[in-house]
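The values are calculated or read from the model by the stated rules, or taken from the named source; none is laboratory data. For clarity, every value in this text was computed on a predicted model and none was experimentally measured. Here the Cβ is made from the backbone with ideal geometry for all residues, glycine too, and neighbour counts use every protein chain on show. Side chains are part of the model used for accessible areas, which takes the heavy atoms of the whole protein and leaves out ligands, DNA and RNA. Shrake-Rupley method; radii C 1.70, N 1.55, O 1.52, S 1.80 Å.
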Amino acid sequence: GRGPVSPPSLPPRGLILLTSDGGLTNTLLRAGERKRKEYIVTTHVPATDADIARLAAGVVITTLAQSDGRAKPLTARTRPCVVERDASPAQPARLRFVLEEGRNRQIRRMCAACGLDVIKLHRVGFAGITLANCGRPGAWAFLTDAELDVIMPGGAAAASGQQQQQQEQQARPRRPRQRPRAKG
């Protein structure tokens, strides 16, 4: 079945990639891949310049790390990332985060370490994919060839080959199942 490539930290807002390709999901989420994730974050009060510098340099947070099918607490400093003011007079407490790390509820925990509560989290980019082709909230779009080239080994050609293979499999006549015969 299809499912999200990355579970959002708050109720879904912004970019969510859906795929039925487990290999692609693993590739995108593998820590060594360091795929960029971009968020617009609104906090309960505006961050100070010192808060922004601290967030960008990395803060110590505790998350759950999956290892051997078990969740274990992991306390470690976050990797340095981009944190900038994205404020306007109407929204003075807005920040832009660009991470290459994807720990569980990372942005919320980073902000909490600086005394900031996240009240809105909007994912605007993931692994080179943006919301550019989606005009309104709730809209969806197929990935462009250029976007497929960014996220898939072999890019759009590999994706169209997979789609063709799936279509061929669906078009093949299926043999009816035979019921097991009772011995007796």
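Which residues, taken from the range 65-92, are assigned to a strand (DSSP E or B), under 20 Å from ALA50 (Cβ atoms) and under 17 Å from the mean Cα position of the chain (by Cα)? Steps first, answer last, please.
Filtering the range 65-92 down to residues assigned to a strand (DSSP E or B) leaves 65-67, 70-77, 82-85, 88, 91.
This time we only want the ones that are under 20 Å from ALA50 (Cβ atoms), so: 77, 82-85.
Passing the criteria: only VAL82.
From THR27, THR19, THR43, grab the single residue that is open to solvent by less than 80 Å² (accessible area, probe 1.4 Å), on the phi < 0 side of the Ramachandran plot and at pLDDT 90 or above.
After applying the criteria, what remains is THR43.
Only one of these conditions is not met by LEU116: (1) under 21 Å from the mean Cα position of the chain (by Cα); (2) within 16 Å of TYR39 (Cβ to Cβ). Which number is it?
(1)
Between a residue in the range 127-152 that is closer than 23 Å to PHE97 by Cα and any residue that is open to solvent by less than 80 Å² (accessible area, probe 1.4 Å) and part of a loop (DSSP other than H, G, I, E, B), which pairs come within a Cβ distance under 6 Å, given they are 6 or more apart or on different chains?
As it stands, the answer is ALA127/LYS35; LEU131/LEU15; ASN133/ALA141; CYS134/ALA141; VAL150/GLY128; ILE151/ALA127, since those pairs meet every condition given.
Check off (1) assigned to a strand (DSSP E or B); (2) among the aliphatic types (A, V, I, L, M); (3) open to solvent by 50 Å² or more (accessible area, probe 1.4 Å) for LEU95 and give me the number that stays unchecked.
(3)
Output the qualifying pairs, or none if there are none: Cβ atoms under 9 angstrom, residues six or more apart or on different chains, first residue in the range 90-106 and in contact (Cβ under 8 Å) with a residue 12 or more places away in the chain, second residue in a loop (DSSP other than H, G, I, E, B) and among the polar types (S, T, N, Q).
Filtered contacts from the range 90-106: LEU99/THR78; GLU101/THR78; GLY102/SER6; ARG103/THR78; ASN104/SER9; ARG105/SER9; GLN106/SER9; GLN106/THR78.
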